[in-house]
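Report on the following structure.
Every number here is computed from the coordinates shown, using simple stated rules; none is lab data. The shown structure was predicted, so the numbers you read here are calculated from the model rather than taken from an experiment. Note: ideal-geometry Cβ built from the backbone for every residue, glycine included; neighbour counts use all protein chains shown.
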C-alpha cells in the first residue's frame, strides 16, 4: 500500500464523523418491496416463479435496474443507465471477474437462477463499504447454501428442483443438501441447465440462443463463541452457448472460485469481518460454432479466441461504537490478470495478441459512520480512497509487416503494434469517493432520504489496452470496432438523490429521483488514428467525455382485499452527453410492471403486465437504432400439494407478442434467417427479438 493511501486513512476516517451526535436512536420505517420487508437503502428480491435460467433477470424486478443481454446466459447488470464495470457486482461477497473481454461470462452468470438465494441492490447511492468502485451502484447476489442450526442436534436440509420451459425446450435440475447444527454447517449443491434456441412470433426461431451449463458448490462453516469461520468453493462450466449479439459464440467458459471468511462480533458492538478469495477461469469462443465465418478476399476468416483471467480479492473491516453510532474502518483489494489470443484453427501462422499480461490491481481504504445526529435524523457518512494500478505486456499480430495482397493491412498492424509497445502502459490512479446520506423519519410510516456523493471509476482494461480495431469491448454489442487509450482519466460522478419511503396497512410507495453529473465519462467517439481508420473507417476510440444521467424510479403496492394484492414498479432514466448533443448508448426506456396476486394457504395466482415505452433517445455515435414500445402479459401460479412440495407454473408472453428489448442487442448470426441481417462494421442489422409465448413448470421438494 502506498504512503499516499496510508496517509488517507486518517482523512477518510475524520471526514466520515459528524461534529455533533445525539444519543437518541431513530427507528426508520422498513420498506415493503414486492411483499418483502427490507431495511432502508437496500432492496432485496428472491427468485420467484419465472422460467429464466439466468439470475440476472431478477434485476428487472428492482426499480431502476435492468439487464443488457447478448445471449441466454450473458446478463450484464445495468442500474440507472450505467452498466458493466461501472456497477459493482458481488457474488457471495466476491468480486467475480469475467474471463471474456466481451463479458460473455459476466458476474451474475456464475450463479444459476436455480442456485440463487437472493439479489440485494443498494438502492441509490451505494455505501463506500460496499465495494471498490461503485460509481454505477452496488449489488450482491447471494447463493443458496447452508445455515447454522439452533441446537447441538444435527439437522439435514435441502432442496431438489426440476423445471421445463417449452419456448426453448429448456430443462433444468438442481440439488442442494446440507447438514448443520449450532456450531458447524456444510453443504453441497449442483445444478444443470440445457436448452435450444428460443422461438418467437409463432414458429420463428432466434438462432442461436441455445445454452448448456453445469455448476456445483461446496461449503463449510464453523462457529465457536463469538468467532465464525467459513470456506466455500464454486465451479461454473458453461458449454456450447450462443451469443447472437456478439461476433463469436461460447465454446466453453469454465473456472472456479475459492473463498474463506472470518467474523467476530461482541455483544457490545465491536467486530471484525474478513474475506479472501481466488479465481481462475478460462474461456474459448468461436465464430464458426453456430454461424458461417465471414469472408475476406473470398476466403473464410476462421477465428477462435482463447482468454483467461486469474486473481484474488480481500477485505478486512473493523466495526465499533463511536459517537453514539457505529464506525466501520477497513481496507480491501482486488487483483486481476487477463490474457486473450485470437487464432485461426486452419492456419497455424495466424495469431493476434488481443490482450497480453494485462494487470488491473485495486487497493482501497475506507471509513463509514452511521448513527443518529438528532431525534428522527439518521446519518450515513463515508469516505474511500482507492488506488488503481494497471499495466500490460507487449502485443503482436502475425499480419504485421505482411507483404503481397496483405501489405496495406500489414503496415497498419505493424504501426499500431509498434506504437502500443512503445507507449507507457504503466498507469496509476488515486481516486476519492465521498458519501453523505441523511434519512429523516417523519412518522412511523414515512421516511425521507437525501443523498450526496462523489464516486469514481478508472478505465477498464478493454478501454485502456485495446490496441487494434476490434469488438473486444466488454459486451457493448453495438457492432462497432474500437481502440483504447492508455492515457484515459478516471470518471468522476457527482450524485444527488431524494427519496420517500412510505408504508401503511399493507401499502407502500418508494419513489426516488436522482441526478448524476459525470466528468471524464468514458465513451466511444470517432477515432482520429490514421492507421486504425485505414483498417476500419468507422473505428471508435474510448475517450474522456462529459455526461449526465437523471431520472426517477419507484416501487408501490397495496392490498385490495384480504387475499388480493396489487404491486408494481416504474423506472425512467435519461442519459446524455454534456459536451455534445448526443445521447448515451444502451439506456433502458421508460418501463414498469404491475402484478395482481391472489393468495391462499396452499395456492396462489398472479397476472402480471410488463410495459416498455419506445426508446427514441439513442446514441448517434454508436449508430444505435430506435426501438418501439411493447407490453407483455404473464400469468403465473403456485400450488402446494404437501408441506414440502411446491409446483410453479405459468405462461409468459401470453399473447405471443413480437417485440425487441432495447437492451437486447443486434443480430450478428449470419445463419439467423428468421431474424435477418447481420452487423459488420457500421452496417446496423435487425434487433434480436424477445422470446415468444412460453409455458413452463417447475417442481420443488424441500426438507
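Label positions at residue 673 and residue 252, each projected 7 Å from the Cα along the C-beta direction, are separated by 3.3 nm.
Backbone N atoms of the range 240-260 closer than 18 Å to the 7 Å Cα→Cβ label point of residue 350 belong to residues 247-251. For the range 3-702, the C-alpha radius of gyration divided by 2.2 N^0.38 Å, with N the number of residues, is 0.95. When you count the other C-beta atoms within 10 angstrom of each residue and take the mean per peptide, 301-308, 211-218, 452-459 line up highest first as 452-459, 211-218, 301-308.
Put simply, the C-alpha atoms of the range 321-470 give a gyration tensor, and the ellipsoid matching it has half-axes of 52, 15, 12 Å, longest first. Shown is the FRET efficiency for residue 173 and residue 703, computed with R0 = 25 Å from the Cβ-Cβ distance and rounded to the nearest 0.05: 0.90. The calculated FRET efficiency for residue 537 paired with residue 231, based on their beta-carbon distance and R0 = 45 Å, is about 0.25. In this rough spin-label picture, where each label sits 7 Å from Cα along the Cβ direction, the residue 316-residue 414 distance is 5.3 nm.
Cα centroids of the range 439-463 and the range 649-671: 33 Å apart.
You can think of it this way: the chain between residue 443 and residue 270 has 59.2 nm of extra reach, that is 0.36 nm per residue less the Cα-Cα gap.
The gain in end-to-end length when the residue 487 to residue 505 segment is fully stretched comes to 0.9 nm, 0.36 nm per residue minus the alpha carbon separation. Mind listing P(r) for the range 360-428? All alpha-carbon pairs, 5 Å bins, whole percents. Using 5 Å bins, I get a P(r) of 4, 13, 13, 10, 9, 8, 7, 7, 6, 6, 5, 5, 4, 3, 1, 0, 0 for the range 360-428. Ranked by the mean number of other Cβ atoms within 10 Å per residue, highest first, peptides 381-393, 320-332 order as 381-393, 320-332.
When you restrict to C-alpha pairs under 8 Å that are six or more residues apart and normalise by the size of the range 277-349, the relative contact order lands at 33 percent. Remark: the residue 422-residue 341 segment gains 27.1 nm on full extension, using 0.36 nm per residue and subtracting the alpha carbon distance. Label separation (residue 594 vs residue 644): 4.2 nm, computed from points 7 Å beyond Cα along the C-beta direction. At a threshold of 8 angstrom on Cα-Cα distance, excluding pairs fewer than six apart, so keeping six or more, what relative contact order does the chain reach in percent? Relative contact order comes out at 13 percent. Residue 222 label point, 7 Å along Cα→Cβ, cut-off 20 Å on backbone N: hits in the range 126-146? Hits in the range 126-146 for residue 222 at 20 Å: 146. When peptides 73-83, 168-178 are ranked by their average number of other Cβ atoms within 10 Å per residue, the highest-first order is 73-83, 168-178. Centre-to-centre, using Cα atoms only, the range 298-361 and the range 516-544 are separated by 23 Å.
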